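The values are calculated or read from the model by the stated rules, or taken from the named source; none is laboratory data. Quick caveat: nothing in here was measured; it's all calculated off a predicted structure. We place every Cβ from the backbone using ideal geometry, glycine too, and count neighbours over all the protein chains shown. When the accessible area is computed, the model is the full protein with side chains, heavy atoms only, and any ligands, DNA or RNA have been set aside. Shrake-Rupley method; radii C 1.70, N 1.55, O 1.52, S 1.80 Å.
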Amino acid sequence: MEMIRSFLEKHDSTSNEFQGSHLSYPNLSWLPGILKDFILPTGFPGSVSDDYLQYMLLQFPTNVTGWICHTLVTSSLLKAVGVGSFSGTSAAASAAAIRWVSKDGIGAVGRLFIGGRFGNLFDDNPKQWRMYADFIGSAGSIFDLTTQAYPAYFLPLASLGNLAKAVARGLKDPSFRVIQNHFASSGNLGEVAAKEEVWEVTAQLLGLYLGILILDTPDLVKSYPALVSTWGSMRLLHLWLRYLSLSALRFNTINLKRARILVKSHVLHSRVPGCNDCNREENILSWQRFIRPRIIFGVAMEEILGGGRSISMLRTLLRIYAREKYILMVNQQRKDFEFFVSFKASATSISVLRSLWQTYWLHENLNISENIFDPLMKSLSEMDDRFEEFIQQLDNAGWDTYRINLRVPKEISIDECHV
């Protein structure tokens with residue numbers, strides 16, 4: 001561990017190859033200089049990460065389709081509260097305004113909940129949460145669309161829609177801040193955010209214009225099914241474009257999904273993939289609980305011991321893992337092995353990474369007929385021999401070993417004073 005720590009301290013982040021290569025950009029000499037300065041950060045492409053332009057080019061039509069959908073949904077909402085149906089009396093206008101404001105107030109609860117409860121999730125996996133934000137926002141829009149068919153239930157339907165969209169925004173905004181920070185490879189976050197606003201507003205204006213053109217179609221105005229089918233088609237296109245834009249991102253930081261890919265490759269082939277290959281292999285939509293081998297972090301020692309209080313087993317585990325900042329055990333009661341990990345109070349992201357490496361080695365080499373303690377000790381011996389090489393390969397492949405986003409669960413930890 002001391003050798004690894006000293007290696008990381010000597011690591012020079014300014015020599016990161018991933019941030020320094022911009023060979024993937026097309027020639028933009030045809031673009032007028034005034035327009036280039038307007039939509040792109042100063043010093044482009046050297047002032048941003050390699051995947052910036054591809055992401056923005058895919059993000060633009062994504063935003064256009066989003067605003068078209070917004071226009072169609074707003075049409076349903078306005079019809080549901082009575083705009084275009086009432087005679088225009090002040091009473092009708094007041095009733096419509098009260099119903100409109102009420103659904104906004106209920107929806108605001110969603111953002112309050114997301115920010116307070118799940119604020120620590122976004123740095124680990126911004127691509128996943130940005131995609132989930134669009135799924136949840138789409139569900140909210142469905143509630144909005146149904147208000148035209150059931151205007152008597154406007155308040156509950158619109159409130160549910162606004163709540164879902166508020167939750168989506170609570171997921172979207174912090175996720176995109178992480179993405180913007182990734183783009184700002186020259187520390188120019190403010191300018192990157194400002195230029196993103198240019199792309200966003202342009203897409204908004206174009207989307208609103210196209211949405212108005214669609215609403216001006218006589219058959220669409222009269223036919224609610226036609227409106228719903230048009231919205232559905234546009235929303236599917238929007239989600240597909242969002243997925244493509246997020247798939248274009250090439251993070252050089254290590255989160256749990258990318259760590260799994262890197263560790264598996266090193267255990268099996270003694271090499272690690274580069275940033276492009278690993279990000280391409282990363283599944284944006286998958287949940288950790290469905291990825292094999294299944295690993296449960298932050299497990300209580302009682303559960304690791306199988307629900308019992310075997311002093312001899314506890315002593316053996318403490319002796320085996322005396323030099324580690326965690327204790328790992330295999331749950332052999334399941335057909336496909338399940339791995340329990342409990343962390344000591346001083347555990348760090350490197351400890352989580354080491355537990356992943358040991359897990360994948362055991363997953364590939366564990367024999368169910370063996371005494372479980374023998375493969376545990378052998379896996380630790382293998383890790384001691386190969387883990388420093390693994391960190392060296394990560395560094396050589398362009399991974400930022402200073403930013404390993406592997407969170408240590410603090411709810412249940414082993415007090416090392418008593419170990």
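Past the 18 Å Cα-Cα mark, which pairs from K165/K195; K344/K410; K127/K325; K325/K410; K257/K344? Among K165/K195; K344/K410; K127/K325; K325/K410; K257/K344, the Cα-Cα distance tops 18 Å for K165/K195; K127/K325; K257/K344.
Relative to the 2.2 N^0.38 Å rule of thumb, the stretch 177-289 has a C-alpha radius of gyration ratio of 1.53. Direction-averaged projected area, Cα convex hull, the stretch 195-238: 3.2 nm², rounded to one decimal. Computed extension length for Q392-N181: 73.4 nm, one decimal, from 0.36 nm per residue of separation with the Cα-Cα distance subtracted. For the stretch 168-184, list residues with backbone N below 17 Å from a point placed 7 Å from the Cα of W199 toward its Cβ? 172-184, by backbone N distance to the label point.
Suppose R0 equals 22 Å. What FRET efficiency, 1/(1 + (r/R0)^6) with r the Cβ-Cβ distance, do F290 and K410 give to the nearest 0.05? Step by step, r from the Cβ atoms, then E = 0.35.
Heavy-atom accessible area for K264, with the other protein chains in place and a 1.4 Å probe, reaches approximately 100 Å².
Quotient of the Cα radius of gyration of the stretch 286-377 and 2.2 N^0.38 Å, N being its number of residues: 1.03. Accessible area per residue (1.4 Å probe, heavy atoms of protein chains only) ranks W240, W199, W67 as W240, W67, W199, with the largest value leading. In this structure, A152 and Y209 have a Cβ-Cβ separation that, at R0 = 35 Å, corresponds to a calculated FRET efficiency of about 0.60. A Förster distance of 25 Å, applied to the separation of the beta-carbon atoms of M313 and H269, puts the FRET efficiency at 0.15. If you split all Cα-Cα distances of the stretch 256-414 into 5 Å bins from zero, what percentages do you get per bin, shortest first? Histogramming the stretch 256-414 at 5 Å steps yields 1, 9, 18, 23, 22, 15, 8, 4, 1, 0 percent.
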